[in-house]
Amino acid sequence: MGKRWRRVRSALIVTAVLFGCCGLPLYFVNHLRMQDRPELLYPYYESRLQDYGRRLSAGAVNYEETRKYGIPQYLIDHGARYCTKHGDCFCVSFGSFFDTPTPELWYSPSGFDPMPEELAQMNRGWPRHQWIPLAPQWAACYR
């Protein structure tokens, strides 16, 4: 019984050390993968984003002329730069380079089916928009 218990205990210690050493790097790799990728952010932060969308619609988010609408820290940590309003919709823009499309996370209280009129007008001049539906009220866009 004594030797067997020592083996089990040793195996548990080795397992704990491996998970401890690998778990944190895997956590950071997962978060780096979500950088400037709204379609990957949404599933991870779904409940927080639903709350943020409700607060935006209710006018409960601070607005400054220079910085626009306030953005939660978890979105800033993943590259969000500013939040603007277009009609009834809100757009969280992420950082981009001059040679890549700008990632955006859109919230529409009435949903995207059909596309809100102001967004439909915005899209007419940009044939390369890529819309990715995430939920009835949320979509990712690259333009």
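Please treat every number below as a calculation from the coordinates, not as lab data. Note that the coordinates shown come from a computational prediction; the quantities given were computed from them, not determined experimentally. Using ideal geometry, Cβ is built from the backbone for each residue, glycine included, and neighbour counts are taken over all protein chains shown.
Within segment 42-113, the GluC sites (Glu not before Pro) that combine a DSSP coil assignment with at most 13 other C-beta atoms in a 10 angstrom radius are Glu65.
Could you please report the charge total around Pro133, scoring K, R as +1 and D, E as -1 over all other residues with beta-carbon less than 10 angstrom from its beta-carbon? After counting each charged neighbour, the total is -2.
Please state the relative contact order of segment 34-142 as a whole percent: Cα pairs under 8 Å, 6+ residues apart?
Contact order relative to length: 23 percent.
How about segment 76-115: which chymotrypsin sites (Phe, Trp or Tyr not before Pro) there are in a DSSP loop, with at most 15 other Cβ atoms within 10 Å of their Cβ? Display every interim value, and only then the final one.
Working: sites: Tyr82, Phe90, Phe94, Phe97, Phe98, Trp106, Tyr107, Phe112; in loops: Phe97, Phe98, Phe112.
Sites meeting the loop and neighbour criteria: Phe97, Phe98.
Calculated from the alpha-carbon coordinates, segment 74-138 shows an Rg and a Dmax of 12.1, 33 Å respectively.
Sparsely packed loop sites in segment 36-75 (the trypsin sites (Lys or Arg not before Pro) outside DSSP H, G, I, E and B with at most 16 other Cβ atoms within 10 Å) comprise Arg67.
Rg/Rh for segment 34-142 (Cα atoms only, Rh after Kirkwood) is 0.93.
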